[in-house]
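Take a look at the structure below.
The values are calculated or read from the model by the stated rules, or taken from the named source; none is laboratory data. The shown structure was predicted, so the numbers you read here are calculated from the model rather than taken from an experiment. Don't worry about glycine lacking a Cβ; one is built from the backbone with ideal geometry, like all the others, and counts go over all protein chains shown. Surface areas here come from the heavy atoms of the whole protein model, side chains and all, with no ligands, DNA or RNA. Shrake-Rupley method; radii C 1.70, N 1.55, O 1.52, S 1.80 Å.
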Amino acid sequence: MATIGRMSPTDYRAEFPVTREWAFLNHAAVAPLSRRAHDRILEWASDFANHGNVREAEWYREVETVRADSARLIGAAPDEIAFLKNTSEGLALVAEGLDLKPGDSVVTVAKEFPANVYPWLHLQSRGIEVRTVQPGERGRVALEDLAAAIDQSTRLLSISFVQYASGFRSDLAAIGQLCRDRKILFCVDAIQGLGVFPVDVGTMQIDFLAADGHKWLVSPEGAAIFYCRRELLDRLRPTSVGWKSVANYGVFSNIDFRFPPTAARFECGSLNVAGIVAMGASLQLLHEVGVEEVERRVFAVTEELVQRLTAAGATVYSSRQPGEWSGIVSFEWPSGDSKRLKLGCLKRQVMISYRDGRLRASPHFYNNASDIDALLDALNAAGKSA
């Protein structure tokens, strides 16, 4: 697959065809595909249509390249990465696969995205207690509140890297240290931060991590990265076992029920090859730009957005404090119903969301001042017509 060198900032927008027609400020929902992901899907589909699976071995070699690029993104080893369908599947695997017993407890946060709620609530029928920590001002999740929820019965803490509604970003390194000090496991729903902020599962002491590619990784839905720390592979019981779960899965005539010594044991059947190679193309772009540069540009565009919203009379809910800000800007417009305003923006080719009673804009590194102009124009026009 052809690659290009490191790009200058003026080239970033060309990588996203959505900019031709839309001011797209909704990456915290379902992001548009990068040009590279789009092109790679078409290349793969053309190959499949014209040659069937003749080149299947080449596809799976590319899957392993994507596995290595995914591992690199989070500071893991490739054998600690599995490809699953989505973030929910990864979190459910942790909830159902761990050896939790009646009387154990897990800790999470109130107002989490439901993917990080229902797998834990499902455990209550087995006598496992679920404790939720209430966020504070501007959605802040205080480390001391998490610590207070942990006791001798606690076995795991699960939290989102970035809260989907408020945009609050947690200090994963501090929480990881807390979990290690208390001798409990640490699980992270990383979907709202991975691709924007550097993640190192080792230094952050993360045990499990799940993130679908369809938000800040600008990749298709249905292809997710799941990380399991190597030392925990045998402790996390696969909850779905199929032909591809075993060490010698290619030898169909010989039933040999042994798991491989890698996270690939959690891939129970045929993979979403199209989604994975497309995600690989987007990961290639993010690695070329550099996650640190992505973070710098997302900060710049969200900072300008916040300043201009505030000047227009909007109330910004999301924290902008160092270590707490994210690509999510939650706000209230001074006039008009938020749901109607969101629909009004959509009619004017501006894409944002409505979450938890507020409007939510979530620009990525390729967005610029013209997108903010379009948003403010759309909000003003929608507010007047409401």
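Observations on the model:
- Cα gyration tensor category, rounded, prolate or oblate, for region 232-386 with a/c compared to 1.5: prolate
- 1.4 Å probe accessible area per residue over the chain, in Å²: 42 Å²
- In order along region 327-333, phi translates into HN-Hα couplings of x, 9, 10, 9, 8, 10, 7 Hz, rounded to whole numbers, per the Karplus curve 6.51 cos²θ - 1.76 cosθ + 1.60 with θ = phi - 60° and x for Gly and Pro.
- Translational diffusion of region 137-207, µm² s⁻¹ [Kirkwood Rh, Cα pairs; Stokes-Einstein; 25 °C; 0.890 mPa s]: 197 µm²/s
- Multiplying the residue separation of Arg340 and Arg20 by 0.36 nm and removing their Cα-Cα distance gives an extension gain of 112.7 nm.
- Pairwise centroid distance, computed over Cα atoms, of region 318-346 with region 214-230, Å: 25 Å
- For the chain, modelled as a GNM whose springs connect Cα atoms under 10 angstrom apart, the maximal fluctuation among Ala95, Ala274, Ala142 occurs at Ala142.
- Max mean-square fluctuation residue, GNM over the chain, Cα-Cα springs under 10 Å, options Ala311, Ala82, Ala147: Ala311
- Percentage, to the nearest whole number, of Cα pairs in region 264-307 over 12 Å apart: 72 percent
- With the Kirkwood sum run over all distinct C-alpha pairs, region 1-154 has a hydrodynamic radius of 20.0 Å.
- For Arg72, Arg360, Arg13, the ranking by accessible surface with the largest value first comes to Arg72, Arg13, Arg360, using a 1.4 Å probe.
- Rg over Rh [alpha-carbon atoms, Kirkwood Rh] for the chain: 0.98
- Accessible-area composition of the chain, carbon plus sulfur, in percent [1.4 Å probe]: 52 percent
- Across region 91-180, the volume of the C-alpha convex hull divided among the residues equals 87 Å³ per residue.
- Placing unit charges on the Cβ atoms only, positive for Lys and Arg and negative for Asp and Glu, gives the chain a dipole magnitude near 700 debye about its Cα centre.
- Dipole axis of the chain (+1 Lys, Arg; -1 Asp, Glu on Cβ), positive-most option in Ala314, Leu121, Val218: Ala314
- Net lengthening on full extension, Ala142/Ser125 (0.36 nm per residue, minus Cα-Cα): 3.2 nm
- Rounded, prolate or oblate (a/c below 1.5 giving rounded, otherwise prolate when a/b exceeds b/c) for region 220-320 by Cα gyration tensor: prolate
- Karplus 3J(HN,Hα) series, Hz, for region 292-298 with 6.51 cos²θ - 1.76 cosθ + 1.60 (x for Gly, Pro): 4, 5, 4, 4, 4, 6, 5
- Each of Ile41, His51, Val30 was scored by the projection of its Cα onto the charge dipole of region 1-145, and the greatest displacement toward the positive side belongs to Val30; charges sit on the C-beta of Lys, Arg, Asp and Glu.
- If you take the Cα centroid of region 50-104 and the Cα centroid of region 131-185, the two points sit 25 Å apart.
- Karplus 3J(HN,Hα) series, Hz, for region 56-67 with 6.51 cos²θ - 1.76 cosθ + 1.60 (x for Gly, Pro): 4, 4, 5, 4, 6, 5, 5, 4, 5, 5, 5, 4
- Here the sum of -39500 (n - 2.57) over DSSP H runs of 4 or more residues, divided by the residues of the chain, equals -11000 deg cm²/dmol at 222 nm, to the nearest 500.
- Taking one quarter of the surface of the C-alpha convex hull of region 84-233 gives a mean projected area of 8.2 nm².
- Taking the Cα centre of region 241-386 as reference, the dipole from Cβ charges on Lys and Arg (+1) and Asp and Glu (-1) amounts to some 560 debye.
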